[in-house]
Amino acid sequence: MDIHEYQAKEVLSNFGVEIPAGALAYSPEQAAYRAREMGGDKWIVKAQVHAGGRGKAGGVKLCDDDHEIQAACEDMFGKKLVTHQTGPEGKGIYRVYVEAAVPIDREIYLGFVLDRTSQRIMIVASAEGGMEIEEISESKPESIVRSTVEPAVGLRDFQAREIAFQLGIEPGLTQAMVRTLQGCYRAFRDLDATMVEINPLVVTGDNRILALDAKMTFDDNALFRHPQISELRDKSQEDPREARAADRGLSYVGLDGNIGCIVNGAGLAMATMDTIKLAGGEPANFLDIGGGATPERVAKAFRLVMSDKNVQAVLVNIFAGINRCDWVAEGVVQALREVQVDVPVIVRLAGTNVEEGQKILAKSGLPIIRATTLMEAAERSVSAWKSDISPNLKAV
Ligand code: ADP
Ligand code: MG
């Protein structure tokens, strides 16, 4: 799960990372009011969307007075901001963050990621801040400092000092840099983050180290341990289909094809998508309904898949290990009676009580196309879609 810049800044500042003064606003008037309240003579108005690259796309503006703040906000609120990270559809701007403009001496890139190879949290930093890390690794790869943290001892002072030294931080600011690095590390570890990125982290004219931008991503599977983080979720920034699925406890990723997939288990879902492709089709989604494929879950899955107007056939592929095929078959039958499904439905069941399951499907009188192997199921889905069989006609 991603959160907004202003939220990430608040989280990190609770761990000792210094940030400029700033305030959130939901309207241009409120933004101007918040700036007055804050004081100062220059402010930065920043669109809050779940994407980077806002500066170049007009989502970060320097303002000198009330009027400029209001004008900058008028240009942002209700619009879609398209950056190189949002895709062409962009992301809606419904909140802005007004921040005190700070005098920048140096910009540094600082990132914390999960390095799966070393199974450690890795710090990635560069003295060439202000650019995206992808650009830095293309144009100045030698400037990148990498350092992995040993989990048993955490990020020690000497290691943080070494990073500060490699970045050329002047001695008087080493302690501030160590505090920043340790704050980020602790926030990452304590809150089950998968990414923390501060770009830029700046050294200011008045000799402070401040996070001018902040991005955090959290492990969805650990959110239950952090209700205060779950609350920061902003659904306006998510793919509506994926948000709806997450609300229903299903893991769903929308794709561009037209064969809807309802599968239990992420590995089986991947294999199903591969097999559909092998058979000459294109999957409309990845959908893992989880281990307990109860009738309710199957019905929810059908509703979700059918809400995608591109879907022209639905392939249900369930492997019943602990589960039972007869139970799943009941679920499919119930779901098809409840949810209006006007495209061909192909069902492949395997595992415990498969014969009973098949009988239930056959006896239901519903136009379900049955398949025994995954390949057969994929081929039937593709040919059902291609020949556009109406489900009201003959079931195989
Ligand atoms: P993004 O990465 O989405 O483009 P940033 O928050 O990094 O957005 O802002 C873009 C640039 O704007 C920064 O690299 C920095 O140069 C400038 N900037 C952002 N916040 C401030 C601030 N409070 N004071 C001065 N400059 C800022
Ligand atoms: Mg940035």
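From the residues in segment 32-43 that are part of a helix (DSSP H, G or I) and open to solvent by 20 Å² or more (accessible area, probe 1.4 Å), which one is nearest to ligand 1 (Cβ to nearest atom)? If you could, list the steps in order and put the result at the bottom.
Taking segment 32-43 and keeping what is part of a helix (DSSP H, G or I), we get 32-38.
Pick out the ones that are also open to solvent by 20 Å² or more (accessible area, probe 1.4 Å) and you get 33-34, 36-38.
Working: 33: 18, 34: 14, 36: 17, 37: 16, 38: 11 Å.
Only one residue fits best here, namely 38.
Could you list all residues from segment 59-78 that are within 10 Å of ligand 1 (Cβ to nearest atom) and not aliphatic (A, V, I, L, M)? Steps first, answer last, please.
First, pick out the residues of segment 59-78 that are within 10 Å of ligand 1 (Cβ to nearest atom): 59-62.
Listed by number, the residues that qualify are 59, 61.
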**Prompt:** Cβ-Cβ below 9 Å, separation at least six or inter-chain, first residue in segment 81-92 and at positive phi, second among the charged types (D, E, K, R): which pairs?
**Reply:** 90/79; 90/80
**Request:** For segment 53-66, name all the residues that are more than 18 Å from residue 94 (Cβ to Cβ) and either in contact (Cβ under 8 Å) with a residue 24 or more places away in the chain or in a strand (DSSP E or B) (or both).
**Result:** 53, 56, 62, 63, 66
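Filter the helices (runs of 4 or more DSSP H) completely within segment 305-396 down to those with at least 1 residues that are touching an Asp or Glu at 6+ places or on another chain (Cβ under 7 Å). Step through it out loud before you land on a result.
On the way: elements: 325-338, 354-363, 374-386.
Where helices (runs of 4 or more DSSP H) fall fully within segment 305-396 and carry at least 1 residues being touching an Asp or Glu at 6+ places or on another chain (Cβ under 7 Å), they are 325-338, 354-363.
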**Message:** Within segment 171-184, does at least one residue satisfy the condition of being within 16 Å of ligand 1 (Cβ to nearest atom) and either open to solvent by 60 Å² or more (accessible area, probe 1.4 Å) or touching a Lys or Arg at 6+ places or on another chain (Cβ under 9 Å) (or both)?
**Reply:** no
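Residues checked against (1) among the acidic types (Asp, Glu); (2) exposed (fewer than 15 other Cβ atoms within 10 Å of the Cβ):
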| site | (1), (2) |
| --- | --- |
| 45 | no, no |
| 49 | no, no |
| 66 | yes, no |
| 69 | no, no |
| 73 | no, no |
| 76 | no, no |
| 80 | no, yes |
| 87 | no, yes |
| 90 | no, no |
**Message:** For the list (1) among the hydrophobic types (A, V, I, L, M, F, W, C); (2) touching a Leu at 6+ places or on another chain (Cβ under 6 Å); (3) away from ligand 2 (no atom under 16 Å from the Cβ), I need the number of the one condition that residue 202 fails.
**Reply:** (3)
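Please count how many residues of segment 223-249 are hydrophobic (A, V, I, L, M, F, W, C) and loosely packed, with under 15 Cβ neighbours inside 10 Å.
Result for segment 223-249: 1.
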**Item:** All positions within segment 210-220 that are open to solvent by less than 20 Å² (accessible area, probe 1.4 Å), over 20 Å from residue 98 (Cβ atoms) and within 16 Å of ligand 2 (Cβ to nearest atom)
**Value:** 216
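Would you please name the residue that is nearest to ligand 2 (Cβ to nearest atom), looking only at residues in segment 51-64 that are exposed (fewer than 14 other Cβ atoms within 10 Å of the Cβ) and closer than 19 Å to residue 5 by Cα?
First, pick out the residues of segment 51-64 that are exposed (fewer than 14 other Cβ atoms within 10 Å of the Cβ): 56, 62, 64.
Subset that is closer than 19 Å to residue 5 by Cα: 56, 62.
Details: 56: 10, 62: 15 Å.
So, considering only residues that are exposed (fewer than 14 other Cβ atoms within 10 Å of the Cβ) and closer than 19 Å to residue 5 by Cα, the one nearest to ligand 2 (Cβ to nearest atom) is 56.
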**Request:** With the checklist (1) more than 15 Å from ligand 2 (Cβ to nearest atom); (2) without any contact (Cβ under 8 Å) to a residue 60 or more places away in the chain; (3) farther than 26 Å from residue 169 by Cβ in hand, flag the one item residue 115 doesn't pass.
**Result:** (3)
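Return yes when residue 72 is more than 16 Å from ligand 2 (Cβ to nearest atom) and either more than 30 Å from residue 191 (Cα to Cα) or assigned to a loop (DSSP other than H, G, I, E, B) (or both) and no when it is not. Full working, then the answer.
Values: more than 16 Å from ligand 2 (Cβ to nearest atom): yes; either more than 30 Å from residue 191 (Cα to Cα) or assigned to a loop (DSSP other than H, G, I, E, B) (or both): yes.
Criteria met by residue 72.
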**Request:** Give the number of residues within segment 190-209 that are closer than 19 Å to residue 102 by Cα, crowded, with 22+ Cβ neighbours inside 10 Å and either more than 16 Å from ligand 1 (Cβ to nearest atom) or modelled with pLDDT under 95 (or both).
**Result:** 0
**Residue pairs meeting the criteria (Cβ under 6 Å; at least 6 apart or on separate chains; first within 14 Å of residue 288 (Cα to Cα), in segment 232-260; second basic (Lys, Arg) and at pLDDT below 80)** = 254/241
**Prompt:** Do you know which residues across segment 107-135 are of a type in the set (D, E, K, R) and closer than 17 Å to residue 55 by Cβ?
**Reply:** 107, 128, 132, 134, 135
**Request:** Residue by residue through segment 92-151, note down the ones that are away from ligand 1 (no atom under 14 Å from the Cβ), within 30 Å of residue 30 (Cβ to Cβ) and open to solvent by less than 30 Å² (accessible area, probe 1.4 Å).
**Result:** 92
**Request:** Assess whether residue 282 counts as being more than 30 Å from residue 189 (Cβ to Cβ), modelled with pLDDT of 85 or more, charged (D, E, K, R) and surrounded by fewer than 17 Cβ atoms within 10 Å (Cβ to Cβ).
**Result:** yes
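The values are calculated or read from the model by the stated rules, or taken from the named source; none is laboratory data. Worth saying up front: this structure is predicted, and the values here are computed from it rather than measured. For neighbour counting, all protein chains shown are included, and Cβ atoms are generated from backbone atoms with ideal geometry for every residue, glycine included. Side chains included, ligands, DNA and RNA excluded: accessible areas come from the protein's heavy atoms. Shrake-Rupley method; radii C 1.70, N 1.55, O 1.52, S 1.80 Å.
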